[in-house]
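What follows is a short report on a single structure.
The values are calculated or read from the model by the stated rules, or taken from the named source; none is laboratory data. In this text the structure is predicted, and so the values were computed from the model without any measurement. Heads up, the Cβs are rebuilt from the backbone with ideal geometry, glycines too, and the neighbour counts pull from every protein chain shown. Side chains included, ligands, DNA and RNA excluded: accessible areas come from the protein's heavy atoms. Shrake-Rupley method; radii C 1.70, N 1.55, O 1.52, S 1.80 Å.
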Amino acid sequence: MPLALAPMGTLTVHIDRSWQLAGPIAGRSCSLFREAVWECDEFRLRSVWANGTYTRGDDVAEVNVRAMFQGEGDLFVYLDYLARGDLPLHVAGRAPVVMTGRVEIDEKHERHRWLNRTQVVGRGMLDMVARTQTYEMYALR
């Protein structure tokens, strides 16, 4: 059975503050996000907490993000993901990063619990003027 991609809207991460340091193996950055918004046919979510770190070499960065979202009522969605891409081209807004992630939702939410049994993927572009990273999101089916 081949994999299929189910469209899952957009995930927009609004960057707040970042700190960078030269780690012993590679450069490291830690960031707080002002807000993250995930909008699709399944739900409209806003972050209640989100942060990320990345390690980078001269040409490649690997981003590790964790976020807790809230939707309508008592819908909470946890997302963690890794994204990789060509750092100089991405920062210049000329190349996307590709992310893979996991979603956790309380099993009582019958409409959404199928997401606990798959992974999400996305292709994201950085806008340094708006200070946003926006992903086209998909769930693997």
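General observations
- Some residue of segment 17-33 being more than 30 Å from His109 (Cβ to Cβ), in a loop (DSSP other than H, G, I, E, B), open to solvent by 30 Å² or more (accessible area, probe 1.4 Å) and β-branched (Val, Ile, Thr): yes
- Residue check for Arg102: surrounded by fewer than 20 Cβ atoms within 10 Å (Cβ to Cβ) and modelled with pLDDT of 95 or more: yes
- Residues in segment 110-138 that are aliphatic (A, V, I, L, M) and buried (at least 19 other Cβ atoms within 10 Å of the Cβ): Leu115, Val120, Val121, Leu126, Met137.
- The set of residues from segment 68-87 being without any contact (Cβ under 8 Å) to a residue 40 or more places away in the chain, open to solvent by less than 20 Å² (accessible area, probe 1.4 Å) and among the hydrophobic types (A, V, I, L, M, F, W, C) comprises Phe69, Leu75, Val77.
- Look at (1) of a type outside the set (S, T, N, Q); (2) touching a helix residue (DSSP H, G or I) at 6+ places or on another chain (Cβ under 6 Å); (3) buried (at least 19 other Cβ atoms within 10 Å of the Cβ) and you find that Glu107 fails only one, number (3).
- Residue list for segment 101-141, restricted to those being of a type in the set (Ser, Thr, Tyr) and assigned to a strand (DSSP E or B): Thr132, Thr134, Tyr135, Tyr138
- Check on Thr12, at pLDDT 95 or above and either of a type in the set (Gly, Ala, Ser) or in a strand (DSSP E or B) (or both): yes
- Taking segment 34-100 as the region of interest, the strands (runs of 3 or more DSSP E) fully inside it that hold 1 or more residues being polar (S, T, N, Q) and under 19 Å from Met137 (Cβ atoms) are 44-56, 60-70.
- Single unsatisfied condition, Asp58 versus (1) closer than 17 Å to Gln133 by Cα; (2) touching a Pro at 6+ places or on another chain (Cβ under 9 Å): (1)
- In segment 19-31, the condition of being within 17 Å of Thr134 (Cα to Cα) and under 16 Å from the mean Cα position of the chain (by Cα) is met by at least one residue.
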